[in-house]
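The values are calculated or read from the model by the stated rules, or taken from the named source; none is laboratory data. Keep in mind the model is a prediction, meaning the values are calculated, not measured. Cβ placement follows ideal geometry from the backbone for every residue including glycine, while neighbour counts extend to all protein chains displayed. Note: accessible area is taken over every heavy atom of the protein model, side chains too, but ligands, DNA and RNA are not part of it. Shrake-Rupley method; radii C 1.70, N 1.55, O 1.52, S 1.80 Å.
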Amino acid sequence: MARFGFTLIELLVVIAIIGVLASVVLASVNAARSKARSARRVSDLRQISLALEFYYDTNNTYPDSSNAWRSQCATWGGFAANDVIPGLVPIYMPIFPTDPSMNTPNANECCYMYTSNVTNSDYAVLDH
């Protein structure tokens, strides 16, 4: 009499193959997410820099940071998004972007930071 079905070994082999395929796909998706976050950060920093140049063209100076770093991070001062760079929002950009990792458990450490020198003739923007 012929029996139909799968042996335990066959089932375990199929489950192992599915597990390996799932881990490969998951690793690829995580790498793509990381690259997307990095691309967004670069785009955000370019947008901020462009808005700062528009501000400079209008005012012949960069926004005052009182010679200190300003950011949304609680560990670096904790300004509201629209107050990180004084006078930039909403005139030169509609909203101030936030770091893509800001909604993670390390939210207090993921933000864009701004400072200008004493004479407001130069500035620095970075992603922390």
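Between T119 and R40, how high is the FRET efficiency from 1/(1 + (r/R0)^6) when r is the Cβ-Cβ distance and R₀ = 30 Å? Nearest 0.05.
0.40
Helix-only estimate, please: 222 nm mean residue ellipticity of the chain, summing -39500 (n - 2.57) across DSSP H runs of length 4 or more and dividing by its residues, to the nearest 500.
The helix-only estimate for the chain comes to -15500 deg cm²/dmol at 222 nm.
Where only protein heavy atoms count, and the probe is 1.4 Å, what is the accessible area per residue for the chain in Å²?
67 Å²
For helix 8-59, report the angle its Cα long axis makes with the longest principal axis of the Cα atoms of the chain; keep it between 0 and 90° and round to the nearest 10°.
Orientation of helix 8-59: about 10 degrees from the principal axis.
With only Lys, Arg, Asp and Glu charged, each at its Cβ (+1 for the first two, -1 for the last two), find how big the charge dipole of the chain is about the Cα centre; round to the nearest 20 debye.
The dipole of the chain has a size of about 620 debye.
Test of understanding: in a Gaussian network model of the chain with alpha carbons linked when under 10 Å, which of A31, A51, A74 would top the mean-square fluctuation ranking?
Result for the chain, Cα springs under 10 Å: A31 fluctuates most.
Taking all protein chains as present, what is the carbon and sulfur share of the accessible area of the chain, in % to the nearest whole number, probe 1.4 Å?
The C+S portion of the solvent-accessible surface of the chain is 62 percent.
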